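Everything below concerns the one structure shown next.
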Amino acid sequence: MTSIIGHTQLALVQGDITTQDVDAIVNAANSSLLGGGGVDGAIHRAGGPDILAECRQLRETSHTSGLPTGQAVITTGGRLPARHVIHTVGPVWLSGSRGEAELLAACYRNSLQLAMDRGLHTVAFPSISTGIYSYPVEQAARVALSTIMAFLKAQPDWFDEVRMVLYSRYDFEVYQAALAELQQSG
C-alpha cells in the first residue's frame, strides 16, 4: 500500500528491515546504543561490528549517558544493504498518559530530520516501541503515520521514499488500516 505526499512515496511493506536497500534504515534502539533484542539485535547482527563500533564511539563522546528517548543519531550501515542506520529510542508504554505519543512522534520526526540533514532521500522505519516496549500497535501506527505524513507535507520535495517495514502480517494490516483512515480524514 502506498500514498504519495508531494513527490514522496510513503509505502507500507511487510518484511525484514535488515534487507531494505535504502539510504538509511531506522533502528528502534535502546538508550545504551550497544545492541539489544528485537529490531535492535537483528540490525546489529546483520550489519556487523562496524555499527557497534560507531555506537561505542558515540557513547564515549557525545552520548556518554546514552541516547535520550525521542532523539536520533546516525552510524554506518555496516554489512546491511542500507548505507546508514539511524538509531532512535522509542518510549516504553506505561499508561499512555505520560507523554508516550509525543515521544514516539519525536522519534519519527527527529529521524527524518537527521536523514535530511545528511542528504538522504530514502528511509525505512520499523514500528518503533511496539515490541518489548509494549506500545499498542494500533495507537503507534496512527502516531507514526500522522507524524511522517505531516513531516512530508512540510518537506514535499525532499524524500523519494519513506517506507514502513512491518515484520508481522498483523502489524502490516494495522498500519494499512491506519493509513487508509488518515487518507480518508484528509
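Values quoted throughout were computed directly from the atomic coordinates according to the rules given, and no laboratory measurement underlies them. Since the structure is predicted, the reported quantities are computational estimates derived from the model, not experimental observations. Ideal geometry is used to build each Cβ from the backbone, glycine not excepted, and the neighbour counts take in all protein chains shown.
Starting from the Cα of Thr19, step 7 Å toward the Cβ, then list every residue of the stretch 55-99 with an amide N under 16 Å from that point.
80-82
Taking 1 over the mean of 1/r across every pair of different Cα atoms in the stretch 69-143, what Kirkwood radius in Å do you get?
Its Kirkwood hydrodynamic radius stands at 12.9 Å.
Report the relative contact order of the stretch 2-181, percent, no decimals, based on alpha-carbon pairs under 8 angstrom and at least 6 residues apart.
Contact order relative to length: 32 percent.
With the Cα gyration tensor of the chain in hand, convert its eigenvalues to equivalent ellipsoid semi-axes via √(5λ) and list them largest first in whole Å.
In descending order, the three semi-axes are 24, 18, 15 Å.
Provide the per-residue ³J(HN,Hα) series for the stretch 100-111, in order, calculated from phi with Karplus coefficients 6.51, -1.76, 1.60 and θ = phi - 60°, each as a whole number of Hz, with x at glycine and proline positions.
Using θ = phi - 60°, the values come out as 4, 5, 5, 5, 5, 4, 4, 4, 5, 4, 5, 5 Hz.
Enter the angle in degrees (range 0 to 90, nearest 10) between the Cα long axis of helix 49-60 and the first principal axis of the Cα atoms of the chain, meaning the one along which they spread out most.
80 degrees
Starting from the amide H of Thr130, placed 1.01 Å from N in the peptide plane, find each other amide H under 5 Å away whose residue is 5 or more places distant or on another chain.
Tyr135
Using the Cα gyration tensor of the stretch 1-111, with a ≥ b ≥ c the square roots of its eigenvalues, what is the shape: rounded (a/c below 1.5), prolate (a/b larger than b/c) or oblate (neither)?
It comes out oblate by the Cα gyration axes.
With n ≥ 4 as the cut-off for DSSP H runs, can you work out [θ] at 222 nm for the chain, using -39500 (n - 2.57) per run divided by the number of residues, rounded to the nearest 500?
-13000 deg cm²/dmol
Which GluC sites (Glu not before Pro) from the stretch 153-186 combine a DSSP loop assignment with at most 16 other Cβ atoms within 10 Å?
none
Starting from the 7 Å offset along Cα-to-Cβ, what nm value, one decimal, do you get for the label separation of Arg79 and His7?
Each label point lies 7 Å from its Cα, and together they span 3.7 nm.
Considering only DSSP beta bridges with both partners in the chain, what is the antiparallel share in %, to the nearest 5?
35 percent
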